[in-house]
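Everything on this sheet refers to the single structure shown next.
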Amino acid sequence: MSAVPTISAAQAVGEYLQSPDDLAKVAAFRKKLEKEKASIDARLRSGVKEQLDATREGLRKLFGTRNNVQSIKDEMETVDKMCGDPAYAVSTFDQISRVSMVHRNFEQTEEMVNNLLEMNSKLEMLEQMLVDDSNDITGPAPNLLSIHFQLNRLEAFRNQTMHQAKKSSTDTRNILNRWFERLTHLIEAFDDYVLEIAKNVLPIVRAGNPDVIVRLMKVVEMEAREDEKAIAIKLVKKAGKMDAASKFRSMQANARVIKHYRSKVMKCITDSIQAKFDEVYAANDRNPAGFLDDLVFIYKDLIRIESDVVPCFPPSYDIWSTFVREYHKALNNTLNRLVKSEPEASVLLTLHAWIKEYKKSMRELEIPPELLEPPLLEGKEQSLIEDYLQLIIKKLDEWSGNLMRTEVAAFTAREEPPEVSADGLYTASGTVIFLDMVNQQVDLALDSNQGLVLARAVEEVNRVMRSIQDRWVKLVDTEYKKHTEKPDEVPGGLVEYCIALANDQIKSADFTEGLSARIESLVSDKYRVTIHDRLNDALDGYLDVAKRCTQTLIGIIFNDLKPAVKQLFGPTWYDGTHAQIIETMRDYMSDYQAFLNESLFEVLLEDLLDMYLVTYLTALVNGPKLNMPAATDRMKKDLDEAYQFFGTYKKMKELEPQMEVLDQVLAMLEASKSLAFLSYWSFAKAHGPCIQFVEALMKLRSDLDRSAVSEVMESIKRKVKEENLADPPEPTIMKKIVIQGALSRFLVRS
């Protein structure tokens, strides 16, 4: 560490007084320096005081140590004097010791013989007492302490005898082992009985016999003291000299086997708790939700333990903490086992809610948090929600995948006609199954009472719905392409299956709309927007698929009409080929109306009308020269046929505005050269200038030569420019009319 550079007084003053104006601040500088000096002095005084206190305490301990050393020295001198006292130096001590040992051996031999003679009768009595007590494990066990006392004495006798026989012959030891065999079996039976009591602490208390637990604890405590004594003796024998050890008779005789009763009893309590959880789990093996309901026993048990079991145990056992901790660990083990069994999604949500309720109940019971370790499911109970959502994804993907495979196969093969619903419309059973599946998953998410869970579930439902919708659109397009390009190689029934699919899309859209209305009000604004947007997106998707189906149905009609459409405004058209177009549309529409949803049929009708108008006008403007006035006469008949056909399904006041464009085109064809502009103006006000279309139309008239067409178009263009006429704000049907070049028209006619 580098030394801090010193600063002289003059340098310090120089830093403060660097200009003449600083002389006015001398008083303030002086006061500041005085404050700094006072602060430094106070810190110095405090440091000096701390050092003095530490020194004083060190001296006090040093004096105390000196006194202790002196005390030990005095005691050692006393011991030395006693060892040198003549009273302790007895010359005949060895003889006295041997006589004493012989006398002691006589007494022990007499006692051993008497005990061996009396042992069988005692064992017979103790065996009967043990049978009486163990017949009912819940108590009252009146003989427990008496049995233990007698067995303890007999066991001590056995241990002492076998210890003394260590240097005897093998035959002698075998005889003694056979003699004590009955006692050994009885001791083992008693140990088993004690541990069985430990496994049934709560049932015994519930049976009204808490005194049995008190007796059990007395047995355990006594055995613990005996274990401690035996361990202490063994340590003394191991650490001491043989001569010193031989002075202790108990050291030679005591051959006790350490029983560890306390640890065994506590282990039995732990095992019994886990066994209870295992029993409840096994009883609800196929009903995880029932298992969670049955776990209410935890709270009942803990309340009874606190009130009736805790008073039966010595305070040193801290038995309340032990029970709480072991119940919690057993619960955690069982819940982990439940999660690993991959239960249904509903169980994961129920488990998540149950854990929240468990934590709340533990707080109400005032259980310290440190006893509830480890956290249930490692504190990752929120991952149950992710597991639930992953399970939803898996199930939705699996179910929808299986369902779509079946539905796609049926749609592609078309071996049987579609099913007919109760209201007489074509349908497919897969739709009902899928919607039921969605409803089930949403209801499960609702049961969680969590907006996040519901929102995530709806997102997954939307994902699956959109995936199915995209697949249907692609399939419909593929099948329609096959129908138009290779009609002889594909099975029939595409019309019927498209109708069934369209009907199901409307049914699904209605379901989605109803689902949105049902659940949006149940969540906060935070999740309501997400749910609304996702379900609206799915609803739009269903309508898009339905629209694609209706467009395909119209495409099928006009695919059949290609030969007739090609003849429009050709030589055969004047003979009435338009009627064939109307009749074909009438046949198809009759079938559509019988099995198609009413709302969809109305949409299809609007699209069909648009398609008819576009087809008719496109054929007209790209057709050959019109023989006037036969062409306008034929067009009037065509218009009558169209009005009659579409009027079957639409009111005339709704139909006329849509058909008006044909009337306006017909008027432009009928108008004379001088009045053509007036007919055009009524058309232009509705559809915009459409100069290219009108010019092509004028050129088709056989009654107008090129100069007449030029005059008409010049007047029209001039008026459009003067009036600054523009396209209408909303595009009209004229935007769909494609005017082909001369070469294209030639190729089409060819």
> What pairs can you find where one residue is in region 675-699 and at positive phi, the other is surrounded by 19 or more Cβ atoms within 10 Å (Cβ to Cβ), and their Cβ atoms are less than 8 Å apart, with a gap of 6+ or different chains?
Replying inline: 688/734; 690/683; 690/684; 690/734
> Would you say residue 398 is surrounded by fewer than 17 Cβ atoms within 10 Å (Cβ to Cβ) and assigned to a loop (DSSP other than H, G, I, E, B)?
Replying inline: no
>> Against the conditions (1) in a helix (DSSP H, G or I); (2) free of Cβ contacts under 8 Å to residues at least 40 places away in the same chain, where does residue 416 fall short? Just the number, please.
In response: (1)
>> Among the residues of region 57-74, are any farther than 30 Å from residue 158 by Cα, modelled with pLDDT under 75, surrounded by 10 or more Cβ atoms within 10 Å (Cβ to Cβ) and not β-branched (Val, Ile, Thr)?
In response: no
> Here are some residues: 186, 195. Which one is surrounded by 13 or more Cβ atoms within 10 Å (Cβ to Cβ), assigned to a helix (DSSP H, G or I) and within 49 Å of the chain's Cα centre (by Cα)?
Replying inline: 195
> Within region 670-750, which helices (runs of 4 or more DSSP H) (wholly inside it) include 1 or more residues that are touching a helix residue (DSSP H, G or I) at 6+ places or on another chain (Cβ under 9 Å) and modelled with pLDDT under 90?
Replying inline: 676-687, 706-722, 742-749
>> Restricting to region 472-499, name every residue that is free of Cβ contacts under 8 Å to residues at least 12 places away in the same chain and within 30 Å of residue 389 (Cα to Cα).
In response: 474
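Let's see how each residue does on (1) at pLDDT below 95; (2) under 23 Å from residue 381 (Cβ atoms); (3) under 25 Å from the mean Cα position of the chain (by Cα); (4) outside any helix (DSSP H, G or I):
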site	(1), (2), (3), (4)
281	yes, yes, yes, no
286	yes, no, yes, yes
290	yes, yes, yes, no
299	yes, yes, no, no
303	yes, no, no, no
306	yes, no, no, no
316	yes, no, no, no
332	yes, yes, yes, no
>> Pairs needed: first member in region 712-723, in contact (Cβ under 8 Å) with a residue 24 or more places away in the chain; second member anywhere, of a type in the set (Gly, Ala, Ser); C-beta distance under 6 Å; at least 6 residues apart or different chains.
In response: 712/676
>> Condition (residue is in contact with a helix residue (DSSP H, G or I) (Cβ under 9 Å, 6 or more places away or on another chain), within 28 Å of residue 649 (Cβ to Cβ) and either of a type outside the set (Ser, Thr, Tyr) or without any contact (Cβ under 8 Å) to a residue 24 or more places away in the chain (or both)) applied to region 519-538: is it met by at least one residue?
In response: no
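The rows are residues; the columns are (1) among the acidic types (Asp, Glu); (2) closer than 30 Å to residue 289 by Cβ.
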residue: 447; (1), (2): yes, yes
residue: 481; (1), (2): no, no
residue: 493; (1), (2): no, no
residue: 515; (1), (2): no, yes
residue: 525; (1), (2): yes, no
residue: 532; (1), (2): no, no
> Across region 421-471, what is the total count of residues that are small (Gly, Ala, Ser), over 30 Å from residue 352 (Cα atoms) and either without any contact (Cβ under 8 Å) to a residue 12 or more places away in the chain or part of a loop (DSSP other than H, G, I, E, B) (or both)?
Replying inline: 5
>> For the condition touching a helix residue (DSSP H, G or I) at 6+ places or on another chain (Cβ under 8 Å), surrounded by fewer than 16 Cβ atoms within 10 Å (Cβ to Cβ) and within 30 Å of residue 552 (Cα to Cα), what is the one hit in 513, 485?
In response: 513
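Going by what's in this entry, would residue 366 be described as part of a helix (DSSP H, G or I), under 30 Å from residue 307 (Cβ atoms) and not assigned by TED's automatic domain parsing to the domain that holds residue 514?
No; evaluated as a whole, the condition is false for this residue.
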> Under 9 Å by Cβ, and 6 or more places apart or on different chains, what pairs join a residue from region 257-282 that is surrounded by fewer than 19 Cβ atoms within 10 Å (Cβ to Cβ) with one that is of a type in the set (A, V, I, L, M) and not in a helix (DSSP H, G or I)?
Replying inline: 280/295
> Among (1) at negative phi; (2) in contact (Cβ under 8 Å) with a residue 40 or more places away in the chain, where does residue 398 come up short?
Replying inline: (2)
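Is one or more of the residues making up region 624-646 of a type in the set (Val, Ile, Thr), surrounded by 19 or more Cβ atoms within 10 Å (Cβ to Cβ) and outside the structural domain of residue 512 (by TED's automatic domain parsing)? Spell out how you get there, then give the answer.
Restricting attention to region 624-646, the residues satisfying the condition of being of a type in the set (Val, Ile, Thr) are 632.
Among the residues that remain, those that are also surrounded by 19 or more Cβ atoms within 10 Å (Cβ to Cβ) are: none.
The answer is no, given that none of the residues of region 624-646 is of a type in the set (Val, Ile, Thr), surrounded by 19 or more Cβ atoms within 10 Å (Cβ to Cβ) and outside the structural domain of residue 512 (by TED's automatic domain parsing).
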> With respect to the numbered conditions (1) without any contact (Cβ under 8 Å) to a residue 40 or more places away in the chain; (2) under 19 Å from residue 682 (Cα atoms), which one is the sole condition not fulfilled by residue 658?
Replying inline: (1)
>> What's the number of the only condition in (1) within 24 Å of residue 314 (Cβ to Cβ); (2) modelled with pLDDT of 85 or more; (3) in a helix (DSSP H, G or I) that residue 230 fails to meet?
In response: (2)
> Which residue, of 545, 523, 529, is at pLDDT below 95 and surrounded by 15 or more Cβ atoms within 10 Å (Cβ to Cβ)?
Replying inline: 523
> Looking at region 539-573, which of its residues are touching an Asp or Glu at 6+ places or on another chain (Cβ under 7 Å) and in contact (Cβ under 8 Å) with a residue 40 or more places away in the chain?
Replying inline: 550, 551, 554
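Answer yes or no as to whether residue 459 is within 25 Å of residue 386 (Cβ to Cβ), out of contact with any Pro (no Cβ under 7 Å at 6 or more places or on another chain) and at pLDDT 90 or above.
yes
The values are calculated or read from the model by the stated rules, or taken from the named source; none is laboratory data. Worth saying up front: this structure is predicted, and the values here are computed from it rather than measured. We place every Cβ from the backbone using ideal geometry, glycine too, and count neighbours over all the protein chains shown.
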